[in-house]
Amino acid sequence: MFGCLVAGRLVQTAVQQVAEDKFVFDLPDYESINHVVVFMLGTVPFPEGMGGSVYFCFPDENGVAVWQLLGFVTNEKPSAIFKISGLKSGKGSQHPFGAMNIPQTPSVAQIGISVERLELLAQQTPVASAAVSSVNSFTEFTQKMLDSFYNFASSFAVTQAQMTPNPSEAFIPAKVVLKWYENFQRRLTQNPFFWKT
């Protein structure tokens, strides 16, 4: 039903079913993992109105399991990438694996998937640092940076009558900065990764 992928490792499809609605993947050597992908195999869909909350579990310094909610997968969103590199310390959150006696090994973390109602999934709040940055946040940052640059440069604008001749300074017409700003915005809207080529 589920698969798990860590960069540089083989895909895991042999999930351990620890309860009727709970599944676990072991992640050996978890300290070296930055991101993990959890996905549905496409062979067995969730029952109507159900989805799976995805948790990350690691042993704390005392060997106690710390569970943190990463997000979810559903029939409509059958895969998700989670950043776990910043989660290897910190506090746990409420989770459905508490009553289970799942063995914990010091260098092995776990990904837990709990099948739950979609209404319940919508009410859960994942750990903020587990979200992988998206094009939207990058685009938003770039837009704010462009706005900031244009506003900063425009604040120094003077008319030709106000200019005092200074042979050691170069002046750029505000119209040129505005044209660059508009072109950059247009290209960013068309392809947020245009700058990589």
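Given the condition at pLDDT 90 or above and among the charged types (D, E, K, R), answer yes or no: does some residue in region 66-77 qualify? Yes, that holds for at least one residue. Considering only region 2-46, how many residues are at negative phi, assigned to a loop (DSSP other than H, G, I, E, B) and either in contact (Cβ under 8 Å) with a residue 24 or more places away in the chain or open to solvent by less than 70 Å² (accessible area, probe 1.4 Å) (or both)? Result for region 2-46: 12. Taken residue by residue, region 164-174 has no member that is among the charged types (D, E, K, R), open to solvent by 90 Å² or more (accessible area, probe 1.4 Å) and at pLDDT 85 or above. For region 87-131, residues that are of a type in the set (A, V, I, L, M) and modelled with pLDDT under 85 total 8.
Do the conditions hold for Glu61, that is, is it at pLDDT 90 or above, in a loop (DSSP other than H, G, I, E, B) and exposed (fewer than 12 other Cβ atoms within 10 Å of the Cβ)? Answer is no for this residue.
The values are calculated or read from the model by the stated rules, or taken from the named source; none is laboratory data. What you are looking at is a predicted structure, and each value in this text was computed from that prediction instead of being measured. For neighbour counting, all protein chains shown are included, and Cβ atoms are generated from backbone atoms with ideal geometry for every residue, glycine included. Accessible surface areas use protein heavy atoms only, side chains included; no ligands, DNA or RNA. Shrake-Rupley method; radii C 1.70, N 1.55, O 1.52, S 1.80 Å.
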